[in-house]
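Shown next, in structure tokens, is the structure this report addresses.
The values are calculated or read from the model by the stated rules, or taken from the named source; none is laboratory data. Just so it is clear, the structure is predicted and the values come from calculations on it, not from any experiment. Counting neighbours? That spans all protein chains shown, and the Cβs are built from the backbone with ideal geometry, glycine included.
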Amino acid sequence: MMISEEVYYNEVLGVMPRILNLLNRNAASKSFGSFDRDYWNYKAFDISCARKQEAALTLALIYKIKKKNKYFNSKLILKWINAALIYWTKIQNKNGSFDEVYPNENAFNTTAFTSYTTSETLLQLKDEEIQNKDLIIASLKKAGDWLLNKEEGKVFNQETGAAIALYNIYLLTKEDKYRADAENKIRHILKHQMSEGWFYEYGGADIGYLSLSIDYLAKYYQKTNDKQLLAALKEAVNFISYFVHPDYTFGGEYGSRNTEYMIPHGFEILSKEIHTAAEICQAIRHAISIRSTVAPSTIDDKYLLFNSYTYLQAYIDSSNNKVTEKLPYKQNFTKMFKESCLWINSNNYAYTLANYKKGGAIKVIYKENKNSIDDSGIVIKYKNNKILTSGNLSNNNSVHVIRSKLQIKGYLGELPDISISPLKFILLRSFQITFGRSEKISLRLKNMLRKSLIMKNMQTSKEFARDIEIQEDRIIVVDNVDYSKNIDFIIVSSKNSTIYGSSSRYFQESDLCTLPITYNVAKMKRTNKTKHIKIIREYDTKGKIIRSELIFVN
């Protein structure tokens with residue numbers, strides 16, 4: 001059954017009160033137009049997050065859509081759109097950049113993404129509907145000049161956002177330097193596309209962020225009709241189609257950044273020319289309709305403000321193309337994506353995905369009852385409170401594949417549990433409002449934070465092994481680790497993000513399917529000759545666990 005595009009519109013319509021609650025609507029306030037309620041209302045932060053101003057585009061689109069809703073053609077909504085745009089210009093740094101988390105951050109992503117939404121808002125509305133348009137365009141030019149010739153090589157979704165932002169600025173100003181740099185960014189992005197179709201995201205392929213890259217690139221294609229870009233998008237869409245699951249969830253802990261969503265607009269644009277994109281559109285619509293996925297109504301306020309507009313764009317640009325191809329999960333196969341280190345097995349009863357670069361982080365979705373299993377890797381808690389896991393990203397893992405069996409060996413990594421203390425907060429702010437005023441110094445700090453929070457290699461000398469075997473009547477997962485008398489407990493069959501991802505760790509109903517298994521090793525009987533620990537789990541063809549056992553091996 002075809003699902004109507006109305007699901008996109010209804011999804012955003014239902015969260016409009018939340019979005020407007022986050023907006024400072026007091027015209028007498030200095031921060032009139034700020035969408036950062038934590039800043040203007042709770043006084044919890046010392047800066048207003050510029051990325052939250054992306055919601056201005058959501059307001060602009062709901063204002064334009066000719067349907068029976070209270071927001072269509074509302075003079076008050078238009079007033080708030082203008083307030084949000086003007087406020088965006090007020091919080092711009094002198095060098096043209098914008099901040100997301102801390103002062104003088106000079107955030108590439110924030111500058112790129114908010115420049116896109118601000119410029120797109122101007123392109124969507126009539127000249128007479130925009131107040132101080134010249135002032136806003138002046139700020140866009142400053143932002144565009146800052147983005148010129150800058151590259152973000154570790155997270156390519158940000159490069160795609162910069163490309164469409166610069167092209168929009170060109171459309172508004174007719175200054176060719178912005179178009180030229182947008183084209184340079186597109187060529188740079190395509191040059192670094194992996195042969196499997198994905199773009200690099202902090203160490204590998206990530207499904208949610210790939211959908212965001214597809215979204216921005218499809219927007220660019222829509223405006224330019226760049227056929228070389230369309231060919232690259234076909235490869236990206238083909239790759240991402242393998243990560244649409246039978247239970248209408250997407251992505252997971254097997255991705256490099258753990259995300260579990262699909263940004264819809266790009267697929268709707270491409271559905272007119274790419275059959276697989278049309279299939280994905282129907283999957284996303286279905287997922288929204290049954291609330292199986294991460295969407296505006298289920299995410300936190302921050303990402304609600306970031307992402308809602310793309311659902312309205314998907315509604316506006318939707319097309320109900322006939323679905324003729326089958327998504328991969330409907331077929332039986334075993335496939336290895338060697339560049340991304342992702343392994344997939346699809347048989348009559350289950351769709352199994354694993355990432356051997358992340359120690360065999362695995363997700364299994366059962367086709368008949370839509371039950372699922374998430375196992376991000378073994379987690380070991382020691383008596384000294386140190387936590388080790390097999391689920392960290394590592395290039396040092398070895399893999400051996402024998403038909404429907406995956407064997408992985410590697411080294412456990414330390415699982416960081418970092419939080420910011422009052423002292424660290426004060427030191428960071430003090431640094432940023434003094435030395436951090438220098439863009440070069442601020443960039444060095446950002447790179448240090450990236451390495452600490454996202455890319456730090458916490459590998460230890462302790463080994464692990466994981467075997468995943470798909471049989472006709474069961475799935476078997478076996479973990480092996482060295483024994484230590486200092487082990488307190490071990491957790492398996494659990495969802496544990498081992499890398500920081502700001503748009504990950506959201507709850508989905510499918511999370512209720514996996515019950516973590518905890519073994520209190522310190523309280524279990526073992527001999528003085530114990531050298532290894534083996535943990536075996538067996539699941540039947542419906543996802544029911546039929547064996548769970550920890551064995552001490554001499």
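Summary table below
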{"read-out": "Selection count, segment 406-417, where residues are at pLDDT below 95 and either surrounded by fewer than 19 Cβ atoms within 10 Å (Cβ to Cβ) or over 26 Å from the mean Cα position of the chain (by Cα) (or both)", "value": "3"}
{"read-out": "Which listed residue is among the small types (Gly, Ala, Ser) and touching a helix residue (DSSP H, G or I) at 6+ places or on another chain (Cβ under 7 Å), from Ser484, Ser510, Ser461, Ser503", "value": "Ser503"}
{"read-out": "Residue pairs meeting the criteria (Cβ under 7 Å; at least 6 apart or on separate chains; first assigned by TED's automatic domain parsing to the domain that holds Lys381, in segment 519-532; second of a type outside the set (Lys, Arg) and in a loop (DSSP other than H, G, I, E, B))", "value": "Thr527/Asn554; Lys529/Asn554; Thr530/Tyr483; Thr530/Asn554; Lys531/Tyr483; Lys531/Asn554; His532/Tyr483"}
{"read-out": "Test for Ile65: is it among the β-branched types (Val, Ile, Thr), under 22 Å from Gly161 (Cβ atoms) and either surrounded by fewer than 24 Cβ atoms within 10 Å (Cβ to Cβ) or over 30 Å from the mean Cα position of the chain (by Cα) (or both)", "value": "no"}
{"read-out": "Elements of type helices (runs of 4 or more DSSP H) contained in segment 1-78, each with 3 or more residues being closer than 29 Å to Phe425 by Cβ", "value": "6-21, 37-40"}
{"read-out": "Where Lys43 falls short, out of the listed (1) surrounded by fewer than 17 Cβ atoms within 10 Å (Cβ to Cβ); (2) charged (D, E, K, R); (3) closer than 14 Å to Asn307 by Cβ", "value": "(3)"}
{"read-out": "Residue within segment 296-318 that is under 27 Å from Arg403 (Cβ atoms) and more than 16 Å from the chain's Cα centre (by Cα) present", "value": "no"}
{"read-out": "Segment 19-37 residues that are closer than 15 Å to Leu78 by Cα, paired with ones that are hydroxyl-bearing (Ser, Thr, Tyr) (beta carbon under 6 Å, 6 or more apart)", "value": "Asn24/Ser31; Asn24/Ser34; Gly33/Tyr87; Ser34/Ser48; Ser34/Tyr87"}
{"read-out": "Any hit, segment 183-197, residues being under 19 Å from Lys133 (Cα atoms), without any contact (Cβ under 8 Å) to a residue 40 or more places away in the chain and either among the charged types (D, E, K, R) or not in a helix (DSSP H, G or I) (or both)", "value": "no"}
{"read-out": "Number of the exception - Lys495 against (1) assigned to a loop (DSSP other than H, G, I, E, B); (2) in contact with a strand residue (DSSP E or B) (Cβ under 9 Å, 6 or more places away or on another chain); (3) over 30 Å from Asn157 (Cβ atoms); (4) among the charged types (D, E, K, R)", "value": "(3)"}
{"read-out": "So Thr541, is it in contact with a strand residue (DSSP E or B) (Cβ under 9 Å, 6 or more places away or on another chain), modelled with pLDDT of 95 or more, in the same structural domain as His400 (by TED's automatic domain parsing) and assigned to a loop (DSSP other than H, G, I, E, B)", "value": "yes"}
{"read-out": "Scan of segment 9-49 for residues that are in contact with a Ser or Thr (Cβ under 7 Å, 6 or more places away or on another chain) and closer than 30 Å to Asn320 by Cα, ordered by number", "value": "Glu11, Val12, Gly14, Val15, Ile19"}
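One line per residue, one yes/no per condition, for (1) touching an Asp or Glu at 6+ places or on another chain (Cβ under 8 Å); (2) farther than 30 Å from Glu6 by Cα; (3) surrounded by fewer than 19 Cβ atoms within 10 Å (Cβ to Cβ):
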{"site": "Ala314", "(1), (2), (3)": "yes, no, no"}
{"site": "Asn320", "(1), (2), (3)": "yes, no, yes"}
{"site": "Met336", "(1), (2), (3)": "no, yes, yes"}
{"site": "Cys341", "(1), (2), (3)": "no, yes, no"}
{"site": "Lys363", "(1), (2), (3)": "yes, yes, no"}
{"site": "Ile373", "(1), (2), (3)": "no, yes, no"}
{"site": "Val379", "(1), (2), (3)": "no, yes, no"}
